[in-house]
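The values are calculated or read from the model by the stated rules, or taken from the named source; none is laboratory data. Fair warning: this is a prediction, and the values are worked out from it, not measured in the lab. Heads up, the Cβs are rebuilt from the backbone with ideal geometry, glycines too, and the neighbour counts pull from every protein chain shown.
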Amino acid sequence: MGIPGASSSVTGGVTGKRVLLAEPRGYCAGVDRAVETVERALEKHGAPVYVRHEIVHNVHVVETLAKAGAIFVDETDEVPEGAIVVFSAHGVAPTVHQIAAERNLKVIDATCPLVTKVHNEAKRFARDDYDILLIGHEGHEEVVGTAGEAPDHVQLVDGPDSVDNVTIRDENKVIWLSQTTLSVDETMETVRRLRERFPTLQDPPSDDICYATQNRQVAVKAMAPECELVIVVGSRNSSNSVRLVEVALNAGSDTAYLVDYADDIDPAWLDGVTTVGVTSGASVPELLVRGVLERLAEYGYETVQPVTTANETLVFALPREIRPART
């Protein structure tokens with residue numbers, strides 16, 4: 001990654017202070033697509049471009065786009081009639097599309113294709129009259145959007161402790177789906193408990209937890225046992241970033257903290273710490289990680305050793321409304 005003094009080995013015989021830098025980290029394909037969608041929409045149409053909810057859950061990204069002319073709104077009816085509105089990477093319910101059509105809005109849908117996949121699964125199994133157990137966090141935008149595809153068939157299961165509250169109509173027609181940004185381990189514990197109650201519970205046709213969420217958690221698991229401290233760069237409303245803190249603690253790091261910026265690092269965290277792990281959530285631009293590395297170098301953590309557990313090459317096409325014209 002072009003980091004001065006970086007080593008490719010986790011242990012590498014280095015003595016003294018060091019940083020273990022998780023790879024992969026930061027932007028996933030869906031976030032990259034969503035952010036570029038707003039940037040391209042501003043370039044093509046000029047400001048303002050309205051965005052329903054935060055395009056991705058990152059303070060810096062939202063503030064940067066707002067300065068460029070994006071106006072973030074909570075609900076579609078706040079958008080002036082006939083204006084351009086971008087739907088966020090987290091997806092929306094069909095009712096939101098309906099309201100947008102009624103208001104003659106020009107919609108650019110930046111929903112992550114992996115979220116769209118879960119929406120399509122919900123619609124498919126609702127058509128077949130299944131009870132759909134949606135594992136996710138109550139109130140999260142992605143969960144609201146997915147549940148909105150089939151509200152009469154979807155029950156939210158917010159973690160293992162809520163399994164006892166689930167009721168179903170037919171044990172032979174029940175399936176679980178999940179929010180894409182969850183902890184893999186906690187989700188599988190929830191599934192295990194559900195299956196204890198409903199042995200014929202069916203699995204999704206393919207993994208719902210996205211590849212990037214899983215890859216970032218695997219990288220943290222690989223480095224956390226060697227770290228006294230793990231710093232996760234990400235915002236507090238970012239589900240996948242919050243999960244990385246939990247994964248780091250469960251995997252063996254003594255402490256772990258979530259920060260938006262390098263300035264959020266408390267020097268007291270570093271007392272007696274030899275090895276600091278650094279990673280970032282899937283909605284975090286790399287410049288914020290660079291800022292953290294520079295701050296740690298000021299405290300003597302100049303040796304940076306990548307911990308690579310996967311290489312990501314996936315790219316999603318931009319929404320057709322803002323793709324460059326073919327020449």
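A few points about this structure:
- Test for Arg290: is it out of contact with any strand residue (DSSP E or B) (no Cβ under 8 Å at 6 or more places or on another chain) and either in the same structural domain as Asn172 (by the TED database) or within 30 Å of Ile168 (Cα to Cα) (or both): no
- Against the conditions (1) assigned to a helix (DSSP H, G or I); (2) touching a Phe, Trp or Tyr at 6+ places or on another chain (Cβ under 8 Å); (3) over 23 Å from Asp208 (Cβ atoms), Val85 satisfies every one except (1).
- Residue list for region 98-112, filter: in a loop (DSSP other than H, G, I, E, B) and either surrounded by 20 or more Cβ atoms within 10 Å (Cβ to Cβ) or modelled with pLDDT under 95 (or both): Leu105, Ala110, Thr111, Cys112
- Enumeration of residues in region 194-218 that are farther than 19 Å from Gly234 by Cβ, in a helix (DSSP H, G or I) and either under 19 Å from the mean Cα position of the chain (by Cα) or without any contact (Cβ under 8 Å) to a residue 60 or more places away in the chain (or both): Arg195, Glu196, Arg197
- Val233 vs. criteria within 23 Å of Asp271 (Cβ to Cβ) and not assigned by the TED database to the domain that holds Asp185: yes
- Just so you know, in region 134-185 the residues that are farther than 20 Å from His119 by Cα and of a type in the set (Asp, Glu) include one that is surrounded by the fewest Cβ atoms within 10 Å (Cβ to Cβ), and it is Asp164.
- Any chance Val38 is of a type in the set (Val, Ile, Thr) and in contact with a strand residue (DSSP E or B) (Cβ under 8 Å, 6 or more places away or on another chain): yes
- Test for Thr167: is it under 20 Å from the mean Cα position of the chain (by Cα), among the polar types (S, T, N, Q) and modelled with pLDDT of 95 or more: no
- Here Glu81 meets the list (1) within 19 Å of Val144 (Cα to Cα); (2) loosely packed, with under 14 Cβ neighbours inside 10 Å; (3) not basic (Lys, Arg) almost entirely, failing just condition (1).
- Number of residues in region 152-193 that are within 17 Å of Asp131 (Cβ to Cβ) and touching a residue at least 40 places away in the same chain (Cβ under 8 Å) equals 8.
- So Pro205, is it modelled with pLDDT under 95, more than 20 Å from Phe87 (Cα to Cα) and surrounded by fewer than 23 Cβ atoms within 10 Å (Cβ to Cβ): yes
- Contact annotation: residue pairs with Cβ atoms under 9 Å, 6 or more positions apart or on different chains, pairing a residue in region 241-265 that is farther than 28 Å from Glu189 by Cβ with a partner that is aromatic (Phe, Trp, Tyr) and in a loop (DSSP other than H, G, I, E, B), are Ile265/Tyr299.
- Within region 208-227, tally of residues that are in contact with a strand residue (DSSP E or B) (Cβ under 6 Å, 6 or more places away or on another chain) and charged (D, E, K, R): 2
- Each residue in region 20-50 was checked for being more than 20 Å from His60 (Cα to Cα) and not in a loop (DSSP other than H, G, I, E, B), and 6 of them qualify.
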